[in-house]
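Worksheet: one structure, shown below.
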Amino acid sequence: MRTSESSTGWRTYGLAVLAGPTAFMAVRAVPLVGLAPEPHLALGVYAWIVAWWVTRPVPWAVTSFLPCVILPLAGAMPLSSVAASYGHVILPYLMGVMLFGHAFRKHGLARRIALAALCVPGVARSGIGLIFAILVVSAVMSAVVSDLAVIVMMTPIALSLTRSVAPGAKRLSAAASLAVLYGAAAGGLATPAGIVFNALSLSLLERLTGYSVSFAQWVSTGAILTAAHFPVCYFIIRLMLPPEVQAIPNARARFLKEREQLGPMSRGERNVLFVLVLMLVLWILPTFVEIGFLDIWYVPPVGMVLLFLLPEAPNRSESTLKARDFREGVGWDVLFLVLGGMAMADVLTTLGAIDWLAGVLTGNVTTEALPWIAGLVTPLLTQLASGAATTIMVSTIFFPIADALGYNPAILARIIPGTAQAVAFPWSSPASAATFAFGAVGFGTMFRVGFVATVLTSVVVIVLSMILVPALQAFSPV
């Protein structure tokens, strides 16, 4: 048995490894008229990277450095030029966002805020009311913390609540788990810090088209998109997973008791809350006062530094975040996937591959179809590759096409990250995997409900983005 399992494992690994070179050679074998050898080679490297991002024979971070190996070897670009493409403001931005989310969870502020919201009178008097409350609370938290962190924090709270008020109610528990997942996905649309796809989209928008956006401008459309998700997700869950329990007696008393057990706010919680408020102020300040250095990318590094400086207790030298938190609080694999994708986008642009691709596709795509193609291709690809990889790939291709067609690429910058969150399969994203791992949602239920949720929310994001971005003038060229 062990020999058979070992043989199967090696076979799977071998196929995963071969997927990259096979994709590379397939692209190289296709005659691309009008494309010079160097950008043709770069497209092949990009295909190799995407293939390995999907099959994962090595960590995403390792795959992301393939351009540093292949492009200089093939003589397409010197190593110094390739390596320079990895330097980008998104690195400290994402590190700051990830470490803040880690501090938010570590010091218990997230749990306190969630229970405070659930203690509001009338919020959770029925099974479906409890589901809606969980949906909204998860969305609010996800606006400033990563969706995975929200899943890890909120799902145990939601399941403990549903199992205490209705033991054995399997549909209610499944509905609560999905409410956390869908709420986290919805809240991630509200702010640039909500999900990593937002930062990717904004960064590629600036690099490829020259459009820029502030925190307040993003939120002006994001808050509406998040709010539009609530009725859609609520009715999907209500119709497809109707809770067994109608009325929940003494629900508020139970939540109040659990909140009391938390005790007063700790110094660490107050520090995290202070940093949160300061970051929001700094993000919003440029709306009222013109400050040259203060843009959307500057704020998270400020918060990160403060979390390592502010003392956790007045009589001790320990800070709110410590050296160990720097190692554990950053998703290094995802971070370097993002950097690798940004670097590859730079390489393709520098060598002219993006201009060639945009020229080929421009004559075959209409402006009316462009947002729908981008918005429907993205969730389809996200079921196969990571949301970050999909966002990089689709944005890199479609932003220049939109610019060439005279279509506002900022609309696509809202659509692509908004439809890149996969919730139908357990393997589609870390957030979906974490939800499935808690055991309250079966595979069939996750796929059945998640498929409907993906289709309907994608349509909502596409339609509203096409309306809101021009109407609110939320984005403007530099």
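Since every read-out is calculated from the coordinates, none of them should be taken as a lab result. This is a predicted model, so every value here is computed, not measured. Neighbour counts run over all protein chains shown; Cβ positions are idealised from the backbone, glycine included.
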Residues whose modelled amide H sits under 5 Å from the amide H of residue 212, counting only those 5 or more places away in sequence or on another chain, are 476, 478
I'd like the Karplus ³J(HN,Hα) series for segment 453-461: coefficients 6.51, -1.76, 1.60, θ = phi - 60°, whole numbers in Hz, and an x wherever there's a Gly or Pro. 4, 5, 5, 5, 5, 5, 4, 4, 5
Take the Cβ-Cβ distance between residue 224 and residue 28 as r, set R0 to 60 Å, and report the resulting FRET efficiency rounded to the nearest 0.05. 0.85
On a 0 to 90 degree scale, rounded to 10, what angle separates helix 251-260 from the longest Cα axis of the chain? 80 degrees
State whether the chain is rounded, prolate or oblate according to the following rule on the C-alpha gyration tensor (a ≥ b ≥ c being the square roots of its eigenvalues): a/c under 1.5 gives rounded; otherwise a/b larger than b/c gives prolate, and the remaining case gives oblate. prolate
Whole-Hz Karplus ³J(HN,Hα) for segment 209-217, in order, using 6.51 cos²θ - 1.76 cosθ + 1.60 and θ = phi - 60°, x for Gly and Pro? 10, x, 7, 10, 8, 9, 4, 5, 5
Rank by packing, highest mean first: peptides 128-139, 24-35, with packing defined as the count of other Cβ atoms within 10 Å averaged across residues. 128-139, 24-35
Which residues qualify? For residue 319, with a placed amide H closer than 5 Å and at least 5 residues away or on another chain, they are 312
Just to confirm the filter: which trypsin sites (Lys or Arg not before Pro) across segment 271-358 are DSSP coil and have at most 16 other Cβ within 10 angstrom of their Cβ? 316, 322
Does anyone have the angle between helix 299-309 and the longest principal axis of the chain? Alpha-carbon axes, 0 to 90°, nearest 10? 60 degrees
Counting alpha carbon pairs within less than 8 Å and at least 6 residues apart, what relative contact order, in whole percent, applies to segment 215-305? 36 percent
Give me a comma-separated list of calculated 3J(HN,Hα) values for segment 141-158, in order, Karplus coefficients 6.51, -1.76, 1.60 applied at θ = phi - 60°, integers in Hz, x for any Gly or Pro. 5, 6, 5, 10, 10, 4, 4, 5, 4, 5, 4, 5, 7, 8, 4, x, 5, 4
Burial-style ranking of 110-119, 193-202, average other-beta-carbon count within 10 Å with highest first, yields 193-202, 110-119
Aspartates and glutamates with Cα under 16 Å of residue 106, excluding same-chain neighbours fewer than 8 positions away: 147, 269, 312, 318, 325, 328
Segment 270-324: relative contact order as a whole-number percent, Cα under 8 Å and 6+ apart: 33 percent
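Which number do you get for Rg(Cα) / (2.2 N^0.38 Å) in segment 35-126?
Against the compact-globule rule of thumb, the ratio is 1.81.
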Longest to shortest principal axis, alpha-carbon extents of segment 90-303, angstrom: 55, 39, 27
Given the rule -39500 (n - 2.57) for each run of at least 4 DSSP H residues, summed and divided by the residues of the chain, what is its mean residue ellipticity at 222 nm, to the nearest 500 deg cm²/dmol? -23000 deg cm²/dmol
P(r) for segment 13-84: what percent of alpha-carbon pairs falls in each 5 Å bin, starting at zero? 3, 18, 25, 24, 18, 9, 2, 0
Is segment 209-364 best put as rounded, prolate or oblate by its Cα gyration tensor, with a ≥ b ≥ c the root eigenvalues, rounded for a/c under 1.5, and otherwise prolate when a/b is larger than b/c, oblate when not? oblate
